[in-house]
Amino acid sequence: MKLCDYGCGQKAKFYFKESKKWCCSKSWNSCIKVRKKRSDTSKKSENRGRFKKGQSGWWKDKSRGIHSKETKTKISIGVKKSENKSKFKFGNIPWNLNKKGYFSEKVLKNLIERMTGDKNPNKTIEARNRKSKLMKRKWEDLSSAYHSESYLKKLSKSLNLKPNKCEVKILNILNESFPGEWEYTGDYSFWINGKNPDFVNFSRKLIIEHFGSFWHKGDDPEERKSFFKKFGYETLVIWEYELSDEEGVSSRIKLFNSEHNTRNHLNCEE
C-alpha cells in the first residue's frame with residue numbers, strides 16, 4: 001500500500017505529475033500534515049512580534065549601542081548629503097541650465113496663447129472685480145492684522161511701490177508748483193485709520209487722491225473727502241481722465257492749495 005508522501009501516514013490516492021508525489025487528497029494543501037505545519041508557522045510568526053511582560057529587550061546589555069561608530073558616521077554623512085541636495089547655494093550651477101523644457105513646442109504655444117492678452121483668465125474684468133471686492137473687505141475690517149503698524153511697515157518695504165504714470169504726472173506738477181511741500185505716500189508709508197492717501201501735505205494737512213477709471217469705478221469722491229475730514233485733512237480728488245488736460249489739473253491744485261492756505265492762516269489769527 002502506497003502512503004502519502006507529505007507525511008500524514010494515510011493511504012495515497014492521487015499522484016501529482018509536477019511534484020512527482022503521492023497524496024491522500026486531491027489537493028496537497030488539504031493534507032492534514034501540511035495544514036498542521038502551516039498553523040504552527042503562523043503562530044510562531046505572530047509570537048515573534050509580541051513583547052512579553054518581564055522579558056528583557058534585545059538591545060539591552062549592549063555597551064556600544066545598537067549601531068557601531070562606523071555605521072553612525074555613515075548615517076550622519078548620508079543625512080547631511082540629503083539635506084544639502086535640496087539647498088541651492090550661491091554660485092552653484094542649476095540642474096536645468098541649457099536643458100530643453102519638459103513641454104513640446106506645440107504645448108508651449110498653446111499655453112502662451114491662452115495666457116496672453118484678454119485670453120488670460122486672471123486679466124478678465126470679472127476676475128479683477130472679484131479681486132477688488134476681496135481686498136476691500138480685508139482692508140475695511142480695522143480689527144484685522146492688515147492694519148497693524150508692523151504689518152504695514154513690512155508691506156511697504158516688501159512691495160517697494162512706486163507711483164504709476166498718472167501719479168507721476170501729479171507728482172511733477174506738485175514738485176514744480178510747490179517744491180518740498182508734498183510727499184508721495186501711496187507706497188503704504190502713511191495711513192489714516194485704514195486708508196492710504198496718495199499725496200499728503202503734512203504742514204497744511206492737505207491730501208490729493210488719484211482715482212483710476214477702472215479701480216475706482218463707482219466710488220464717490222465725497223465719501224473719501226468726508227472720511228479724511230474727520231481727522232482734520234482736506235482732500236482733492238483727481239480722476240484719471242482729467243489728466244489729459246495737465247494745465248487744468250495744475251490750476252485746480254494751485255486753487256486748492258491757496259484756498260486752504262488762506263483758511264489755515266485765518267484760523268491761526270483767530
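The values are calculated or read from the model by the stated rules, or taken from the named source; none is laboratory data. Keep in mind that what you see is a predicted model, and the values were worked out from it rather than measured. Counting neighbours? That spans all protein chains shown, and the Cβs are built from the backbone with ideal geometry, glycine included.
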**OP:** Consider only pairs whose beta carbons are under 9 Å apart and that are at least six residues apart or on different chains; among these, list those whose first residue lies in region 23-37 and is not assigned by TED's automatic domain parsing to the domain that holds residue 9 and whose second residue is modelled with pLDDT of 80 or more and buried (at least 17 other Cβ atoms within 10 Å of the Cβ).
**Re:** none
Original post:
Would it be correct to say that residue 123 is out of contact with any strand residue (DSSP E or B) (no Cβ under 8 Å at 6 or more places or on another chain), farther than 22 Å from residue 194 by Cβ and surrounded by 10 or more Cβ atoms within 10 Å (Cβ to Cβ)?
Top reply: yes
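For (1) under 20 Å from the mean Cα position of the chain (by Cα); (2) among the charged types (D, E, K, R), each residue gets a yes or a no:
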| residue | (1), (2) |
| --- | --- |
| 115 | no, no |
| 129 | no, no |
| 146 | yes, no |
| 155 | yes, no |
| 158 | yes, no |
| 162 | no, yes |
| 165 | no, yes |
Subject >> Number of the exception - residue 193 against (1) over 37 Å from the mean Cα position of the chain (by Cα); (2) surrounded by fewer than 14 Cβ atoms within 10 Å (Cβ to Cβ) >> reply: (1)
Subject >> Residue list for region 7-29, filter: surrounded by 13 or more Cβ atoms within 10 Å (Cβ to Cβ) and in contact with a strand residue (DSSP E or B) (Cβ under 6 Å, 6 or more places away or on another chain) >> reply: 12, 14, 22, 23
**OP:** Answer with yes or no whether residue 223 is at pLDDT below 95, outside any loop (DSSP other than H, G, I, E, B) and either surrounded by fewer than 18 Cβ atoms within 10 Å (Cβ to Cβ) or touching a strand residue (DSSP E or B) at 6+ places or on another chain (Cβ under 7 Å) (or both).
**Re:** yes
Subject >> Inter-residue pairs, beta-carbon under 9 Å, first outside the structural domain of residue 190 (by TED's automatic domain parsing) and exposed (fewer than 13 other Cβ atoms within 10 Å of the Cβ) and in region 138-149, second not in a loop (DSSP other than H, G, I, E, B) and not aliphatic (A, V, I, L, M), 6+ apart >> reply: 138/146; 141/147; 145/151
